[in-house]
Amino acid sequence: MTDYKTNKEKRMSNWWKSALGRHVLEQERAVLQSLSTYFDGDYQVQLGVKEKLLPTVAGVKQQKVMAHLSDVDGCNEALPFKCYGLDTLLLIHVLEFSDDPHQVLREVERVLVADGTVILCCFNPWSWWGLRCLFSWQDTPPWNGHFFRRSRIKDWLSLLNFEIVATEKVLFRPPVYSEKWFAKLAPMERWGKRLWSIFSGVSIIVATKRTIPLTPIFHRWQTKRLFPAALANKPVIKEKINE
């Protein structure tokens with residue numbers, strides 16, 4: 001099972017090195033840099049790809065990448081970090097290629113501090129990329145992944161007490177492997193963001209972990225009446241007993 005997972009990661013890593021894969025990462029890196037204000041805290045970790053997409057932020061103590069042959073080696077479904085130990089987690093296309101995406105998000109909730117932030121980059125099924133995945137008969141990455149709807153991911157986050165604070169849409173060109181044709185379709189990026197943003201190839205979701213405080217509610221204790229108010233206020237009359 002471990003060999004299968006390692007082989008799967010290697011195949012995905014090779015795809016990221018392709019021209020199309022590099023373009024996806026470049027687009028996401030640019031948008032993530034514009035979202036650098038959300039990368040707060042001392043300890044930040046990126047999951048999913050070996051290439052570092054974490055934006056440059058001042059005052060950060062550590063930025064690590066957890067991927068095959070990277071800074072940290074681990075399992076996304078059982079993160080090798082202590083509870084409440086990380087301030088920010090960046091997931092680069094982790095949910096689509098996980099055997100248990102729900103468990104991944106539960107682990108994210110476990111390791112993040114209160115008010116910690118998670119940023120997810122995910123392929124959108126309602127796009128050219130989703131269509132390519134739907135009609136692909138090849139068992140090759142990234143088309144062998146499971147692309148989830150934005151609404152579904154938001155529901156999962158909501159169940160874990162995450163609040164969506166920002167969303168960005170990236171990549172409006174179809175996944176054409178020809179670099180020549182891919183370059184010719186560049187105007188679609190500008191028009192797509194204006195006219196059909198819902199069909200973006202990639203969605204970037206920023207969510208903050210909310211901790212609900214247990215505030216005690218104080219009740220004023222009232223002595224229960226043994227008799228109704230009308231009877232309680234009625235004067236007591238002693239009757240004289242005639243012998």
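The values are calculated or read from the model by the stated rules, or taken from the named source; none is laboratory data. Note that the coordinates shown come from a computational prediction; the quantities given were computed from them, not determined experimentally. When we count neighbours, we look across all protein chains shown, and the Cβ atoms used for this are built from the backbone with ideal geometry, even at glycine.
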I'd like the residue in region 155-174 that is in contact (Cβ under 8 Å) with a residue 24 or more places away in the chain and assigned to a helix (DSSP H, G or I) and, out of all such residues, is surrounded by the fewest Cβ atoms within 10 Å (Cβ to Cβ).
W156
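If you go through region 88-96 one residue at a time, do you hit one that is over 16 Å from S203 (Cβ atoms), touching a helix residue (DSSP H, G or I) at 6+ places or on another chain (Cβ under 9 Å) and β-branched (V, I, T)? Walk me through it before giving the result.
Residues of region 88-96 that are over 16 Å from S203 (Cβ atoms), as a first pass: 88-89.
Applying the additional criterion that residues be touching a helix residue (DSSP H, G or I) at 6+ places or on another chain (Cβ under 9 Å) yields 88-89.
This time we only want the ones that are β-branched (V, I, T), so: 88.
Yes, region 88-96 has at least one match.
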Report whether or not V94 is under 10 Å from the mean Cα position of the chain (by Cα), surrounded by 15 or more Cβ atoms within 10 Å (Cβ to Cβ) and modelled with pLDDT of 95 or more.
yes
Tabulated pairs, region 129-140, first without any contact (Cβ under 8 Å) to a residue 24 or more places away in the chain, second in a helix (DSSP H, G or I) and among the aliphatic types (A, V, I, L, M), C-beta under 9 angstrom, 6+ apart or interchain
none
Failed criterion for Y177 (all others in (1) modelled with pLDDT of 90 or more; (2) outside any helix (DSSP H, G or I) hold)
(1)
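Answer yes or no: is there a residue in region 116-139 that is among the hydroxyl-bearing types (S, T, Y), over 20 Å from D87 (Cβ atoms) and either over 16 Å from the mean Cα position of the chain (by Cα) or at pLDDT 95 or above (or both).
Initial filter on region 116-139 (among the hydroxyl-bearing types (S, T, Y)): 117, 127, 136.
With the extra rule that they be over 20 Å from D87 (Cβ atoms), the set shrinks to 127, 136.
Now restrict to residues that are either over 16 Å from the mean Cα position of the chain (by Cα) or at pLDDT 95 or above (or both): 127, 136.
Within region 116-139, one or more residues are among the hydroxyl-bearing types (S, T, Y), over 20 Å from D87 (Cβ atoms) and either over 16 Å from the mean Cα position of the chain (by Cα) or at pLDDT 95 or above (or both).
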Can you confirm whether Q27 is modelled with pLDDT of 90 or more and in a strand (DSSP E or B)?
no
From the list K61, K52, which residue is over 20 Å from V94 (Cβ atoms), among the basic types (K, R) and in contact with a strand residue (DSSP E or B) (Cβ under 8 Å, 6 or more places away or on another chain)?
K61
I'd like the full set of residues that are without any contact (Cβ under 8 Å) to a residue 24 or more places away in the chain and in a strand (DSSP E or B), limited to region 67-85.
C75
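When region 187-237 is examined, which residues are found to be assigned to a loop (DSSP other than H, G, I, E, B), exposed (fewer than 10 other Cβ atoms within 10 Å of the Cβ) and either touching a Gly at 6+ places or on another chain (Cβ under 8 Å) or at pLDDT 60 or above (or both)?
So in region 187-237, the residues assigned to a loop (DSSP other than H, G, I, E, B) come out as 196, 200-201, 210-228, 233-237.
Still in the running and exposed (fewer than 10 other Cβ atoms within 10 Å of the Cβ): 212-228, 233, 235-237.
Hits for region 187-237 are I212, P213.
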Please enumerate the residues belonging to region 45-66 that are buried (at least 23 other Cβ atoms within 10 Å of the Cβ) and either assigned to a loop (DSSP other than H, G, I, E, B) or of a type outside the set (A, V, I, L, M) (or both).
Q46, G48, V49
